[in-house]
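What follows is a single structure, written as structure tokens, with notes after it.
The values are calculated or read from the model by the stated rules, or taken from the named source; none is laboratory data. Only a predicted model underlies this, so the values are computations on that prediction, with no experimental measurement involved. Every residue, glycine among them, receives a Cβ derived from its backbone with ideal geometry; neighbour counts consider all protein chains shown. The protein model used for the area step is the full one, side chains on, heavy atoms only, and it has no ligands, DNA or RNA in it. Shrake-Rupley method; radii C 1.70, N 1.55, O 1.52, S 1.80 Å.
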Amino acid sequence: MGIEVNFEGKIALITGASSGLGARFAKVLAQAGAQVVLASRRTERLKELRAEIEADGGAAHVVSLDVTDYASIKSAIAHAETEAGPIDILVNNSGVSTTQRLVDVTPEDYAFVMDTNLRGGFFVAQETAKRMIARAKGDPSKKHRIINIASVAGLRVMPQIGVYCMSKAGVVQMTKAMAVEWGKYGINTNAICPGYISTEINEDYFASEQGQKLIEMLPRKRPGKPEDLDGLLLLLAGEDSNFINGAIISADDGMTAT
């Protein structure tokens, strides 16, 4: 016996796909056979990623999406389904952060983080789920997957990023609420909570003196790599996660175990 990873015929929408984890998620799902829809504001970066995926034999589409704009969300998801077909898998990945003490947070800082991480994530999932639910009512055998990208910062408070922690804690509870309400329609909603992952966005920080001090505080004194999330992504996106719904899964090398 073994688990076979085959996403042929599946359509996967990945938000925040222009860099970092989002780009990795898109490549992995495309390699597994899914048609991927790449969504973010930076469409030039998305076009470069599409070219990479197509060069490797995959299929990808590009849509412009600003998750802080409700009209953009509705338009992007409609465009995605017109371009590629009905969305089977949503990887709800867009996220931002600021670094400051809570007493220094301005209304603009607060809105910047919450509008992307929580409000935006919610309405992307809602608009996608509306379409998934409509299809499930016509065909109860349909199975869909929503994977929200939260963070270990949603499970424990970290210094200087309090608003980010609050937003990701909201994503954790959002995931559970969606799982309970939408599970009866064959939608499995789960969350991945990554620990510190080194990407092109933060690799300079990890190489700095301050970053090295942080690494020394981690359980195994190392940050993760984007590929460390591949197996969990494929599990939650696939048929073998049929009994996994509302799960909040840490991928943090033991960080939240301490």
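Dipole magnitude for the chain: about 700 debye, using +1 per Lys or Arg Cβ and -1 per Asp or Glu Cβ, origin at the Cα centre.
For the chain, the carbon plus sulfur part of the accessible surface works out to 52%, probe radius 1.4 Å. Rounded to the nearest 10 square angstrom, E200 shows an accessible area of 100 square angstrom against a 1.4 Å probe.
Modelled this way, with points 7 Å down the Cα-to-C-beta line, the labels at E44 and D104 are 3.1 nm from one another.
The angle between the Cα long axis of helix 121-138 and the longest principal axis of the Cα atoms of the chain comes to about 20 degrees, rounded to the nearest 10.
Between the alpha-carbon centres of region 29-77 and region 221-253 there is a gap of 21 Å. Using only side-chain charges placed at the Cβ, +1 for Lys and Arg and -1 for Asp and Glu, the dipole size of region 91-153 relative to its Cα centre rounds to 640 debye.
3J(HN,Hα) along region 205-218: 5, 5, 7, 7, 4, 5, x, 5, 5, 4, 4, 5, 8, 6 Hz, from the Karplus curve 6.51 cos²θ - 1.76 cosθ + 1.60 with θ = phi - 60°, whole Hz, x for Gly and Pro. Largest GNM mean-square fluctuation across G57, G231, G138, computed for the chain with C-alpha springs under 10 Å, falls on G138.
K130 to A59: extension gain in nm, 0.36 nm per residue of separation minus the Cα-Cα distance?
23.1 nm is the gain from fully extending K130 to A59.
A 1.4 Å probe run over the protein chains yields, for the chain, 48 Å² of accessible area per residue, whole-number rounding. Which of the chymotrypsin sites (Phe, Trp or Tyr not before Pro) across region 184-248 are loop residues per DSSP, with 14 or fewer other Cβ within 10 Å? Those satisfying the criteria are F243.
Short-range pairs are left out: with C-alpha atoms under 8 Å and at least six residues apart, the relative contact order of the chain is 17 percent.
Under 11 Å from the Cβ of A153, count the other residues' Cβ atoms, weight Lys and Arg +1, Asp and Glu -1, and hand me the total. Spell out each step's value before the answer.
Working: positive: R156, K168; negative: D252.
Net of charged neighbours comes to +1.
Loop-located trypsin sites (Lys or Arg not before Pro) across region 193-258 with a Cβ neighbour count of 13 or fewer within 10 Å are R220, K221, with loop assigned by DSSP. Between region 177-220 and region 101-118, the alpha-carbon centres lie 19 Å apart. Each label point was placed 7 Å from the Cα along the Cα-to-Cβ direction; for K176 and F243 their separation is 2.2 nm.
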